[in-house]
1. For chain B, give me the percentage of DSSP beta bridges that are antiparallel, rounded to the nearest 5 percent.
2. Count the DSSP beta bridges whose two residues both fall in the protein assembly as shown, then state the antiparallel fraction as a percent rounded to the nearest 5.
3. Just need the relative contact order of segment B:150-283 here, percent rounded to a whole number, with Cα pairs under 8 Å and 6+ apart.
4. Taking the Cβ of each residue in B:MET59, A:MET229 as the centre, tally the other Cβ atoms inside 10 Å and list the residues starting with the fewest.
5. Just to be sure I understand the curve: with the Debye formula and one point per C-alpha of the protein assembly as shown, what is log10 I(q)/I(0) at q = 0.05, 0.09 Å⁻¹?
6. Taking a label point 7 Å out from Cα toward Cβ, give me the nm distances from B:ARG206 to the same spot in the other copies, shortest first, one decimal.
7. Please go through segment A:49-112 and write out the GluC sites (Glu not before Pro) that DSSP classes as loop and that have at most 13 other C-beta atoms within 10 Å.
8. Using Cβ counts within 10 Å as a stand-in for footprinting exposure, how do A:THR246, A:THR295 rank, fewest first?
2 protein chains.
Amino acid sequence: MASQSDHKAAIIDGKAIAQTIRNEIAEEVRHLWQKYGKVPGLAVVIVGTRKDSQSYVSMKRKACAEVGIKSVDIDLPENVSQDDLVAKVHELNATSDVHGILVQLPLPNHINEEKVLSEISIEKDVDGFHPLNVGKLAMKGREPLFLPCTPKARHSSYGCLELLSRSGISIKGKKAVVVGRSNIVGLPVSLLLLKADATVTVVHSRTPDPESFIREADIIIAAAGQAMMIKGSWIKPGAAVIDVGTNAIDDPSRKSGYRLVGDVDFQEACKVAGWVTPVPGGVGPMTVAMLLKNTLDGAKHAIAQ
Amino acid sequence: MASQSDHKAAIIDGKAIAQTIRNEIAEEVRHLWQKYGKVPGLAVVIVGTRKDSQSYVSMKRKACAEVGIKSVDIDLPENVSQDDLVAKVHELNATSDVHGILVQLPLPNHINEEKVLSEISIEKDVDGFHPLNVGKLAMKGREPLFLPCTPKARHSSYGCLELLSRSGISIKGKKAVVVGRSNIVGLPVSLLLLKADATVTVVHSRTPDPESFIREADIIIAAAGQAMMIKGSWIKPGAAVIDVGTNAIDDPSRKSGYRLVGDVDFQEACKVAGWVTPVPGGVGPMTVAMLLKNTLDGAKHAIAQ
């Protein structure tokens, strides 16, 4: 048997898995085209010229093109009125070859985001405009027991589970520890794991001795937002480690002056864990893949009807 | 030091705690009357003559009377039309001395419960018509990540936490284990505990070795629906045990032929635990007390405006 220092965890290559999913989607899109003469359509709406939004949007549009999903590009000026934006959403709702509508957030201050999102028809709400969100909108001013997750969080929560299953890691009956209880990732992932029959513990900033829980875990989901807080010695040998954290730390050796690290000490984890996701290149790439998958699913539903 | 066989857990007397809460509510109602000349009003609507519904409703109305909440009794015949019931709800929405509206479920088959409940104005929705429920209604046909909890479950989930705090048991930083992952109790209680800063583990029917988790718990919430599944030997000495289970088991010595027991072996638990709730007389009595408290809170909000 190899000594611990020789051990090398299997690196879960999120980029490669996301690519596999995209290839599968492309295959299904071709199949739809052959059978029905139709392809999925995703309307990606952007208002204004924020650099970060433009970069996200162009990434999503490019991803659509790669798998054969028709991207319907709606670029509106910063000063578009809320009424005009809503009218555009209604028009897209009524367009039969648009199966998904995505409105890039944030919207300019003069526009009520919740109002606009609530106008997207349920069948085309590909960004996962979740029942929770709907509830919250409807009950504004009441504190919900759970806060809704953002579309991105929803995609990445499902992405975590997809990474596990695509790596052949079964969840049922396993001890899973989720580190972090944010409404953004920690809570939705823990509920998905619970639904998948794991025994789930959520540890967080008020847990006196987090490592005592983490050490017992077969599956660790790190979503604390603390750079490299999970040390190699906290990991049970052979455990599966999914690192959702993306933290910028100073790195004078880089031109940018920083680099991105996860919530797990990756180098140490590699020596102990059975599987580990890198940061970047782990959970991140899954987000757009899951968005494409939602669009495909919506289109399959609409086209096959 | 006493030997283990001498140990006696403190019995958390849900009936007494519920009575204390009711007394506090009565005091606040008096205060509202003195200051504003108004008392809270709760409309309790019942349709038809189901024996169980009538018994619940009369219990709630009596509880209102005892604390000085004005109970507005609406008794409608089994064959009332949905339109007439909705019209009644609208009338109650518009009645200023009604601060809460409770429609006893189930309604007859010819009436759409969700439709009727959705007509209750948010401000008067004293039964906790939760954002989650609203979301689910709005998104019918989509599977939500969490199912909504019933009003009763909501009241009893909050009841569990109230029992802990009223017994002087702090939650922050404690290890809590919730046994059962039902949308009805397990999930909402576990999320409330998490919000209260416990480290929470949810074990369930697919957990291979539930006792190994339960043995570590400072706080055990038993909500599995399995008669006396939690043995004394599973309980950490000194732990707080809240038993949400209500299971009928055969008992030939009773006239009824059965008796109610919880998910915990109460006799054994008494010898080990620090605190334990009896069944019946633990969580159960808290349900109506929390309903009254919601009504009071709604009234305070409306009257003090």
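Just so it is clear, none of the values below were taken in a lab; they were calculated from the coordinates. Quick caveat: nothing in here was measured; it's all calculated off a predicted structure. Reconstructed Cβ throughout: ideal geometry from the backbone, glycine too, with neighbour counts over all protein chains shown.
1. Once the DSSP bridges in chain B are tallied, antiparallel ones form about 10 percent.
2. Within the protein assembly as shown, antiparallel bridges account for around 15 percent of the total.
3. 21
4. B:MET59, A:MET229
5. -0.27, -0.86
6. Its label point is 2.9 nm from the equivalent points in the other copies.
7. Those that pass, being in a loop and sparsely packed, are A:GLU78.
8. A:THR246, A:THR295
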